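J.: What follows is a structure written as structure tokens; I'll ask about it next.
Nothing in this text is a laboratory measurement; each read-out follows from the coordinates by a stated rule. These numbers were taken from a predicted model, which means no experiment stands behind them. Cβ coordinates were reconstructed from backbone atoms using ideal geometry, including for glycine residues, and neighbour counts include every protein chain displayed.
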Amino acid sequence: MTGKELLLRALEKRGVRHIFGYTGGAIMPVFDSIDKLGVFKFVMSRHEQGATFMAQGVSRASLSTDDPQVGVCMATSGPGAMNLTTGIADAQMDSVPLIAVTGQVATGVIATDAFQESDVVGVMMPICKQTYMPLEADEIEKTVHEAFYVATTGRPGPVVLDIPKDIQNQKVSKDYQFSLENFRPNLPGFFYHPTPAREPLKQAIELINRCERPVIFCGHGVIGSNAGKLLQSFAEKTRIPVAFTLHGLSAMPADHPLSLGMMGMHGTVEANRAISEADLLISFGMRFDDRVTGKLNEYAKNADVIHVEIDPSEIDKNVATTVAINADAYRTLHVLVGDPMLTAKPRRRWHARIEEFRRVMAADLREEIEGGLGVDGKLLMKTIVSQLSEMTQGRDIVVPDVGQHQMMAARFYNYQTPNSWFASGGAGTMGASLPMAIGVKLVRPDERVWSISGDGGFQMNMQELGTVMEHKIDLKIMIFNNGYLGMVRQWQTLFFDGRYAGTPMLSPDYGLIASAYGIPYRKIETLDQIAPAIQEAIELEGAIILEFVCDPSEVILPMIPAGGGFDDMIVKRPQPRKEGGKR
Amino acid sequence: MRRRAILAYLLDSPGVLQKVSMLIRKKMYNVDTLTVCKSRKPGISRMTITLREDDEARVRQVIHQLEKFTEVISAKELDTEHSYWREAAIIKLEIDGAQLDALRGDYNFEILEHKNHDTHIIHIAGSTRRIDAFIAQLGEEHIVEISRTGVAALEK
């Protein structure tokens, strides 16, 4: 046995089915063995960054299935490995388990600036959970298993394995033995507390029973631990409304009467106002990111905070907690829901107050969505997403890119399927959607997957249409083309006096692009074309690209300006300003 | 700003020092002093880091994030009231022998080498403040070269 074979044996044992990547000089031996072994489906991305997002798609989408898998991507040394960085940093920000294997130049020439050499471990260290560089074939199997353990245990994250070419080819020693059954990772500094301690839990229950204006926060940890159902019964039992972080969406049905929708910068009025007036925040698996809190010293000033979080370094990081529960969201909810001390209060006044908040923007939004057209007669993204939501009954999987359309998709799709929303959140990587949707579709083949991008993000990774074509991935690709980087343009409208610097952009003829890849294409310019195009995409077997011509002046409201507090929330659309950008 | 000492026990493996220093940089501190030595347990190092910070919560953050590294077994703050902080210095001096002898009453140092009539190499250990005072009393102009170890700290 050689190093490369041990690597693949370990990946196979860990249930890996797909390998995404791009070969090259320093990883060739491993690719050769993949081919010989024939147990993995190899999916070639057209750029290494694409491979990282495909692998992320696998990890994110499969964790709620019976067969959770960790996404694996592979690249060669130097430029190959460097092209992985964005996707790895993205996985780290969003706590997505991921294994990245990179080839490295042979140990004899390491640190001599050899051809395609770069210090992968040095570069990756600050942007991933752990890095490994095995220096003997005998170490490889143990290292891979430890890497999987680290990537998936506690708060998940990406792990990088940088394997020198000569180690890939090295034979193991004669007396080499490894047994997975007896394998225990040797990590004396790795602590993992999945079970909630009794004392803080009792304090939490006391606070919950006593409070008058509570809000439950549903974060990524709820999705990650498959605790959506439990969270829903906790909310129903206590009659407490639930606000979602970007990554908490789809943990429970979006139209549930207790749902307040998304919180934070582009969150709903009801979520943000409720948080402002709350006397207790009960947060599960989230990290009080700046997009969620706004100005920290004005954040939820009158509220006690219960913070359930698996990563102890997140507790008290941004928001001071009253009760900290360092544990897994699922286990905590499981104990909470079953605890006889937990009581339910109707809290009629609080729910009536929330109904008032719900009405603040409801009429405006309804009017906008029903109108469906912007000032220049082009389509509104809100309307497209709402129609998609209706026509699919909110049951499909949505993989947005990053920007305005992402917020529209977060706000106006009526999520019904648990774990059906996958987005680049913390890092906000444009171009993530198309490759991530490919990974999602591979592990959820029976569900319909919509990749929604803006014209900016789509052009960042549209080379992955090559992968869609080659592997006949059945993706429904939507491009919301408004000729601008919409989100930045919105900020320019609101805070930069309408000077559109660096945001207008030309798109290629997407029809020609689609036909070059042999993918059907429809351009949608009028309201009456939306439904038939979506219907066609639903009925069609195989990929399709739908380009929607959208209004560049559409804004997503409410919005809390960056660095602002919840009181600064903008709920009314400002008067349209003169056009500043050139087309 | 207040000087803080953080004690960490960590695996003695390549790259750990880089991780620790990278975290401190990321949190926008400049390392004041950093000392590493073997602990009594094989394979585990003991590190003392000092940096300047008034905000207690931010120091706790650094400690939590240090502990997040799988290589860091435990980390805690050592405050001056409950721990000893000491450092050592080796100093090459150009000074009159009698002048040096005059300091003996106040400071405990060892003459490692007496090269010619007025060049000495001495060793002194004590708290940072004590060594600073010694240098001040000696007079900077007499110092040819100085090597200080940085702080080693131990809980009472």
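J.: How many nm separate the modelled label positions at A:Val375 and B:Ser83, each set 7 Å beyond the Cα in the direction of the Cβ?
T.: 6.1
J.: Which of rounded, prolate or oblate describes region A:198-352 when judged by the alpha-carbon gyration tensor and an a/c cut-off of 1.5? Don't skip to the end; give the middle numbers.
T.: Values: a/c = 1.18, a/b = 1.08, b/c = 1.10.
The shape class here is rounded.
J.: Which value results when the Cα radius of gyration for the protein assembly as shown is divided by 2.2 N^0.38 Å? Before the final figure, lay out each step's value.
T.: Numbers: Rg = 29.4 Å, N = 739, 2.2 N^0.38 = 27.1 Å.
Normalised by 2.2 N^0.38 Å, the Cα Rg of the protein assembly as shown equals 1.08.
J.: What distance in nm separates the simple spin-label points at A:Ala531 and A:Asp279, each placed 7 Å from Cα in the Cβ direction?
T.: 4.8
J.: Let me ask something additional. Got a sec? Charge dipole of region B:54-151, +1 on Cβ for Lys and Arg, -1 for Asp and Glu; which of B:Ser74, B:Ile121, B:Gly139 is way out at the positive end?
T.: B:Ser74
J.: Now a separate question. In whole angstrom, how long is each semi-axis of the equivalent ellipsoid of region A:372-568, when you take the square root of 5 times every eigenvalue of its Cα gyration tensor and sort them from largest down?
T.: Square roots of five times the eigenvalues give 26, 18, 17 Å.
J.: Using a/c under 1.5 as the rounded threshold, could you call region A:104-143 rounded, prolate or oblate? The axes a ≥ b ≥ c are square roots of the C-alpha gyration tensor eigenvalues, and prolate needs a/b larger than b/c, oblate otherwise.
T.: Here region A:104-143 falls in the oblate category.
J.: State, to one decimal in nm², a quarter of the convex hull surface area for the C-alpha atoms of region B:84-155, i.e. the direction-averaged projected area.
T.: Across all orientations, region B:84-155 yields a mean hull projection of 4.5 nm².
J.: So, one more: Place a point 7 Å from Cα of A:Val571 in the direction of its Cβ. Which residues in region A:236-263 have their backbone N less than 20 Å from it?
T.: Output list for this probe position: A:241-244, A:258-263.
J.: Let me ask something else about it. Roughly what angle does helix B:16-26 make with the longest principal axis of chain B, taking Cα atoms, 0 to 90 degrees, to the nearest 10?
T.: Helix B:16-26 sits at roughly 90 degrees to that axis.
J.: Taking 0.36 nm per residue of sequence separation and subtracting the Cα-Cα distance, how much length would be gained by fully extending the chain between A:Asp35 and A:Glu539, in nm to one decimal?
T.: Contour length minus Cα-Cα distance gives 177.9 nm.
J.: Just name one of A:Gly431, A:Ser420, A:Gly374: the one whose Cα is farthest towards the positive end of the charge dipole of region A:342-468 (beta-carbon charges, Lys/Arg +1, Asp/Glu -1).
T.: It is A:Ser420.
J.: Shifting gears a bit: Looking at chain B as a GNM with Cα springs under 10 Å, which of B:Lys26, B:Lys92, B:Lys76 has the largest mean-square fluctuation?
T.: Sorting by GNM fluctuation, first place goes to B:Lys26.
J.: Two decimals is fine: what is log10 I(q)/I(0) at q = 0.14 Å⁻¹ for chain B, from a Debye sum with one equal scatterer on every Cα and no solvent?
T.: Relative scattering, expressed as log10 I(q)/I(0), comes to -0.77.
J.: A further question follows. Is it possible to state the helix-based mean residue ellipticity at 222 nm for the protein assembly as shown, with each DSSP H run of 4+ residues giving -39500 (n - 2.57), the sum divided by total residues, to the nearest 500 deg cm²/dmol? What is it? The partial results should precede the final answer.
T.: Details: 27 runs with 266 residues, N = 739.
Estimated from H runs of four or more residues: -10500 deg cm²/dmol.
J.: Go through region A:469-564 and name the GluC sites (Glu not before Pro) that are in a DSSP coil and have 10 or fewer other Cβ atoms within 10 Å of their Cβ.
T.: Here the sparse-neighbourhood loop sites are A:Glu541.
J.: Let me make sure I get this right: for region A:368-411, a, b and c are the square roots of the gyration tensor eigenvalues over alpha carbons, sorted descending. Under 1.5 in a/c it's rounded, otherwise prolate if a/b > b/c, else oblate. Which is it?
T.: The shape class here is oblate.
J.: Using the crude model of +1 on Lys and Arg Cβ and -1 on Asp and Glu Cβ, and no other charge, please compute the dipole size for region A:123-207 relative to its Cα centre, in debye to 20.
T.: 240
J.: With charges set only on the Cβ (+1 for Lys and Arg, -1 for Asp and Glu), what does the dipole of region B:84-155 come to about its Cα centre, in debye to the nearest 20?
T.: 240
J.: How far is helix B:128-138 tilted, in degrees, relative to the longest principal axis of the Cα atoms in chain B, given as a value from 0 to 90 rounded to the nearest 10?
T.: That helix lies at roughly 20 degrees to the long axis.
J.: Still on this structure, please answer the following. Could you give the length gained on full extension between A:Asp175 and A:Leu506, defined as 0.36 nm per residue of separation minus the Cα-Cα distance, in nm?
T.: 112.9 nm
J.: Test of understanding: extend the Cα→C-beta vector of A:Leu342 to 7 Å, then name every residue of region A:228-260 with backbone N under 13 Å from that spot.
T.: A:228-241
J.: Would you please give the FRET efficiency between A:Glu367 and A:Glu298, computed as 1/(1 + (r/R0)^6) with r the Cβ-Cβ distance and R0 = 25 Å, to the nearest 0.05?
T.: Efficiency, from the Cβ-Cβ distance: 0.20.
J.: Please go through region A:275-323 and write out the trypsin sites (Lys or Arg not before Pro) that DSSP classes as loop and that have at most 15 other C-beta atoms within 10 Å.
T.: Counting only loop positions with at most 15 other Cβ atoms within 10 Å, the trypsin sites (Lys or Arg not before Pro) in region A:275-323 are A:Lys301.
J.: Looking at chain A only, what percent of DSSP beta bridges run antiparallel? Nearest 5 please. Kindly include the intermediate steps, with their values, before the conclusion.
T.: Numbers: 4 of 67 bridges.
Taking every DSSP beta bridge within chain A, about 5 percent pair in antiparallel fashion.
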